[in-house]
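J.: Handing you this structure, nothing more for now.
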Amino acid sequence: MSEEQIKSLEKQFNERIERDEKIEPKDWMPEKYRKTHIRQISQHAHSEIVGMLPEGNWITRAPSLRRKVALLAKVQDEAGHGLYLYSACETLGVSRNELYEQLHTGKAKYSSIFNYPALTWADMGAIGWLVDGAAIINQVPLCNTSYGPYARAMIRVCKEESFHQRQGFEIMLKLCNGTPEQKEMAQDALNRWWWPSLMMLGPTDDKSVHTEQSMKWKLKRKTNDELRQQFIDQTVPQADVLGLTIPDSDLKWNEERQSYDFGEIDWDEFWQVVKGHGPMNKERMKARVGAWQRGEWVRDAAMAYADKKQAEKEKQAV
Amino acid sequence: MNNNLYNYILGIADNSLILGQRLGELTGHGPSLETDIACTNISLDLFGQVRSYFQYAGKIAGDGRSEDDIAMLRKERDYKNVLLVEQPNTNFAYTIARQFLFDAYHLAFLGELQKSTDLTLSAIANKCVKEVSYHERFSSDWVKRLGDGTEESHQKMQNAIDDLWTYTDELFHQTEADKAMVEEGIGVDITQLKDNYYKYVSEVLEEATIEVPDIKYFQKGGKQGIHTEHLGYILAELQYMQRAYPNMEW
Amino acid sequence: MSKIKNWPLWEIFVRSKNGLEHRHFGSLHAADAEMALENARDVYTRRNEGVSIWVVESKHITASNPENNGELFEPAQDKVYRHPTFYDVPDEVKHM
């Protein structure tokens, strides 16, 4: 294809997106669109499956049977969501195994928040309330994104995830209405998860490399800073209901902006974790790579068995 | 309270509780995303069953004890599960072999429990039997895949069956509560399930090209609360919160 | 990397209730059709979304090429005589 032809195709492509038309797997798309989508969707999928680990860690210790089944169902949903997203990504011509390879070798990123440890039961509450809360803010706009398979996966994810945040909030509420010891546990969890949750919405707009292009492709509808403000504004009143204190002495309502002002985020910590030096980065990767390697003989066996049975069938048909 | 009925229900439910707990350990660590989801589903089914049984047991006890009190606040000798279900997830072959050896029993058991004259138990069995027939389908399929897959998987499956076989006989041991409940038409006469169990299990293993172990000595004791050393660790996790923070609501 | 090939991709179609058609729900990996069915049940119907599942290995689907959309689909656009509104019938004629 000549450069001119590509230009004209690109023009048509951008016009389609502007008209809110969806792009489907076999449609022509600029290479950069494909690559950006593989990066974002797979990053999203990786976050789901690495995100299973801090919570999965508490399944056997959940304090009641009711909490145990809720947590199991939630972590299972995360596996499901990872699966939907890997599937969406595969429509762009990359296999799940390649994507795993990228994750396992550290080439692909996942949400940094999961590199913090889940230390107490209250962390199950804080993760559901804050981390899923922040994730939902990120995800809801993606139900409308331009790439069809991604948008469809996100619709399913958002629908299923609606119980996740409530589940977390309910845990917090129960703790806050419980004994002083329980409330202290809840406050401690909020203290530890608050700032990482704010960081989860990404670097500030002036440091964010992908925002402009992503806005055009509807991979993003709002900037990181806008999302962060939205998250804070909706979460602070929820903390009030719980009777917990947000660990930010600079946090105060700004009448003029009709929003909360908040303190400086420790971006050094953010970059440290993103670059692989958070408290749990190594542990998380060890768990993922370990599960994958331990599973290899199982996957091979199932494939060998399927081939054997297929061959038998064909032999019988002759 | 009817002590025999209470103990009988715990004997059934503890199997699901401990096996569910074992499967819960695997969530997030399965050999593929799809298999991970499947095992978690089985775990969820089992805990759902546990809740129905313990809620009923709580009612029978009639002293306000909750499902969680029963699940998490007994001492190690008071758990009545069979030794089979507490065996560890040594590798995926053990997970599958343990599941299959239990599912084949569990399915036959629930089929009979549906006929119980105790209407609550028969209703619970009615619901559970559908779940467990799926479990059995899942685990027997995987026994065949691993048994007749690659050389490596065959060996691993054979080892798992060899190691776990010694825990199968206990499935058919009657406790005092069992005997009393059979007499009252409430319980299942598990001794009657034994022949069909071994016949069926052997058929599946044969199809999986796995040799059926031929051993004379079997392990027992779980039903009397004499467990393997594994159970203590399972309980340490299961009970941790309730023990560390007693008398609180979650 | 494993010496043996990876589990292939399957497309999953679910009938959400009787009377409705099977609809494409998504895809997943499985070694064989039986496993694909089981996985589909656990992945796509854990919230009671289905009463029937079809699975088909993705490689068996032949898809039309969007580049040919012009010749494939545009010719149908002006065949207005296939639609009832093309035909004039006086207003007083009922039930038609």
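Readers should treat all values here as calculations from the given coordinates under stated rules, not as data from a laboratory. Bear in mind the structure is a predicted one, so any value in this text is a computation, not a measurement. Backbone-built Cβ (ideal geometry, glycine too); neighbour counts: all protein chains shown.
J.: For A:152, C:47, what's the fewest-to-most ordering of other Cβ within 10 Å of each Cβ? Let's see the in-between values first.
T.: Details: A:152 19, C:47 12.
Ranked by crowding around the Cβ, least crowded first: C:47, A:152.
J.: Would you mind putting B:130-136, B:3-9 in packing order, based on average other-beta-carbon counts within 10 Å, highest first?
T.: Numbers: B:130-136: 19.0, B:3-9: 21.0.
So the peptides B:130-136, B:3-9, ranked by packing, come out B:3-9, B:130-136.
J.: Enumerate the aspartates and glutamates that residue C:59 could reach by cross-link, defined here as Cα to Cα under 19 Å, with residues fewer than 8 away along the same chain left out.
T.: Excluding near neighbours in sequence, the set is A:24, A:27, A:90, A:98, A:307, A:314, C:11, C:32, C:34.
J.: Roughly what would the spin-label model give for residue A:208 and residue A:222, points 7 Å off Cα along C-beta, in nm?
T.: That separation, rounded to one decimal, is 1.0 nm.
J.: Can I ask one more? Using alpha-carbon positions, what is the distance between the centroids of region B:94-129 and region B:6-75, in Å?
T.: Going from one Cα centre to the other spans 14 Å.
J.: Let me ask another. May I ask you to derive the FRET efficiency for residue A:143 and residue B:59 from their Cβ-Cβ distance with R0 = 35 Å, giving the value to the nearest 0.05? Don't jump to the answer; show the numbers that get you there.
T.: Values: r = 45 Å, r/R0 = 1.28.
Between residue A:143 and residue B:59 the formula returns 0.20.
J.: List A:255, A:21, A:98, A:312 from most exposed to least, where exposure is judged by having the fewest other Cβ atoms within 10 Å.
T.: Working: A:255 7, A:21 13, A:98 16, A:312 10.
Listing A:255, A:21, A:98, A:312 from fewest to most nearby Cβ atoms yields A:255, A:312, A:21, A:98.
J.: Please give the charge dipole size of region C:1-61, origin at the Cα centre, charges +1 on K and R Cβ atoms and -1 on D and E Cβ atoms. Round to the nearest 20 debye.
T.: Numbers: 9 positive and 8 negative charges, 27 e Å.
Taking the Cα centre of region C:1-61 as origin, the dipole is about 120 debye.
J.: Just checking the output field for B:14-23: average partner chain Cβ neighbours within 10 Å of each residue's Cβ? Walk me through the numbers on the way to the answer.
T.: On the way: counts 0, 0, 0, 1, 0, 0, 6, 3, 1, 2.
The mean count of partner-chain Cβ atoms within 10 Å per residue comes to 1.
J.: To the nearest Å, what is the center-to-center distance of region A:279-312 and region A:106-141, using C-alpha atoms only?
T.: Going from one Cα centre to the other spans 26 Å.
J.: Another one. Just from its helices, what would the mean residue ellipticity at 222 nm be for chain B, if runs of 4 or more DSSP H residues each count -39500 (n - 2.57) and the sum is divided by every residue, rounded to the nearest 500 deg cm²/dmol? Display every interim value, and only then the final one.
T.: On the way: 9 runs with 159 residues, N = 250.
Calculated mean residue ellipticity at 222 nm is -21500 deg cm²/dmol.
J.: Across all directions of projection, what mean area in square nanometres is found for the Cα convex hull of chain A?
T.: Working: hull surface 86.8 nm².
Taking a quarter of the hull surface, the average projection is 21.7 nm².
J.: Using square roots of five times the C-alpha gyration tensor eigenvalues, list the equivalent-ellipsoid semi-axes of the protein assembly as shown in whole Å, biggest first.
T.: On the way: eigenvalues 411, 240, 125 Å².
The three semi-axes for the protein assembly as shown are 45, 35, 25 Å.
J.: In addition: Mind counting lysine pairs for me in region B:106-168? Cα separation below 28 Å, and the two need to be 8 or more apart along the chain or on different chains.
T.: Numbers: B:115/B:127; B:115/B:130; B:127/B:144; B:130/B:144; B:144/B:156.
Within region B:106-168, the lysine pair count is 5.
J.: While we're on this one: I need B:163, B:178 ordered by Cβ neighbour count within 10 Å, fewest first. Let's see the in-between values first.
T.: Values: B:163 16, B:178 22.
Taking fewest neighbouring Cβ atoms as first place, the list is B:163, B:178.
J.: Can I ask one more? Report the relative contact order of region B:3-244, percent, no decimals, based on alpha-carbon pairs under 8 angstrom and at least 6 residues apart. Present the calculation step by step, with values, prior to reporting the outcome.
T.: Details: 327 pairs, mean separation 63.3, N = 242.
Dividing the mean separation by the residue count of region B:3-244 yields 26 percent.
J.: Report the rotationally averaged projected area of region B:3-244 based on its alpha-carbon convex hull, in square nanometres. Don't skip to the answer; put the middle values down first.
T.: On the way: hull surface 50.0 nm².
Taking the Cα atoms of region B:3-244, their convex hull projects to 12.5 nm² on average.
J.: Using the C-alpha atoms of region C:1-61, what convex hull volume per residue, in cubic angstrom, is computed?
T.: Values: hull volume 5.0 nm³, N = 61.
Cα convex hull per residue, to the nearest whole number: 83 Å³.
J.: Using R₀ = 56 Å, calculate the FRET efficiency as 1/(1 + (r/R₀)^6) where r is the Cβ-Cβ separation of residue A:1 and residue B:202; round to 0.05.
T.: Numbers: r = 64 Å, r/R0 = 1.14.
Result of the calculation: an efficiency of 0.30.
J.: If region B:106-250 were replaced by its equivalent ellipsoid, with semi-axes equal to the square roots of 5 times the Cα gyration tensor eigenvalues, what would those be, largest first, whole Å? Intermediate results must be reported in sequence, preceding the final value.
T.: Values: eigenvalues 168, 109, 60 Å².
They are 29, 23, 17 Å, listed from largest to smallest.
J.: Roughly how many nanometres apart are two label points built 7 Å out from the Cα toward the Cβ at residue C:87 and residue B:247?
T.: 8.4 nm
J.: I'd like to know which of A:112, A:237, A:73 lies farthest towards the positive end of the charge dipole of chain A, counting +1 on Cβ of Lys and Arg and -1 on Cβ of Asp and Glu.
T.: A:73
J.: Where nothing but the Cβ of Lys and Arg (+1) and of Asp and Glu (-1) is charged, how large is the charge dipole of the protein assembly as shown around its Cα centre, in debye to the nearest 20? Walk me through the numbers on the way to the answer.
T.: Numbers: 80 positive and 101 negative charges, 35 e Å.
It comes to approximately 160 debye.
J.: Roughly how crowded by other chains is peptide A:69-82, in terms of the mean Cβ count from those chains within 10 Å of each of its Cβ atoms?
T.: On the way: counts 10, 1, 2, 9, 6, 0, 6, 13, 4, 3, 13, 12, 0, 3.
Neighbouring Cβ atoms belonging to other protein chains average 6 per residue here.
J.: Which residue, A:210, A:92, B:81, has the largest displacement toward the positive end of the dipole of the protein assembly as shown when charges sit on each Cβ (Lys, Arg +1; Asp, Glu -1)?
T.: Most positive-ward Cα: A:92.
J.: Another question, if that's okay. Just from its helices, what would the mean residue ellipticity at 222 nm be for chain A, if runs of 4 or more DSSP H residues each count -39500 (n - 2.57) and the sum is divided by every residue, rounded to the nearest 500 deg cm²/dmol? The partial results should precede the final answer.
T.: Values: 12 runs with 208 residues, N = 318.
Computed mean residue ellipticity for chain A: -22000 deg cm²/dmol.
J.: Right, another one. Can you list the lysines whose alpha carbon sits under 26 Å from that of residue A:107, skipping same-chain ones fewer than 8 residues off?
T.: A:32, A:35, A:207, A:216, A:218, A:220, A:275, A:282, A:286, C:3, C:5
J.: Between residue B:151 and residue B:214, what is the FRET efficiency for a Förster distance of 25 Å, r being their Cβ-Cβ separation, to the nearest 0.05? Mind showing how you got there, number by number?
T.: On the way: r = 23 Å, r/R0 = 0.90.
Efficiency, rounded to the nearest 0.05: 0.65.
J.: Could you bin all the Cα-Cα distances of region A:1-82 into 10 Å bins starting at 0 and give me the percent of pairs in each, rounded to whole numbers?
T.: Using 10 Å bins, I get a P(r) of 15, 29, 19, 16, 13, 6, 1 for region A:1-82.
J.: Continuing with the same structure: Less than 13 Å Cβ to Cβ from residue B:224, Lys/Arg counted +1 and Asp/Glu -1: what total charge do the surrounding residues give? Kindly include the intermediate steps, with their values, before the conclusion.
T.: Details: positive: B:77, B:80, B:220, B:223; negative: B:14, B:76, B:78, B:170, B:176, B:178.
Cβ neighbours under 13 Å give a net charge of -2.
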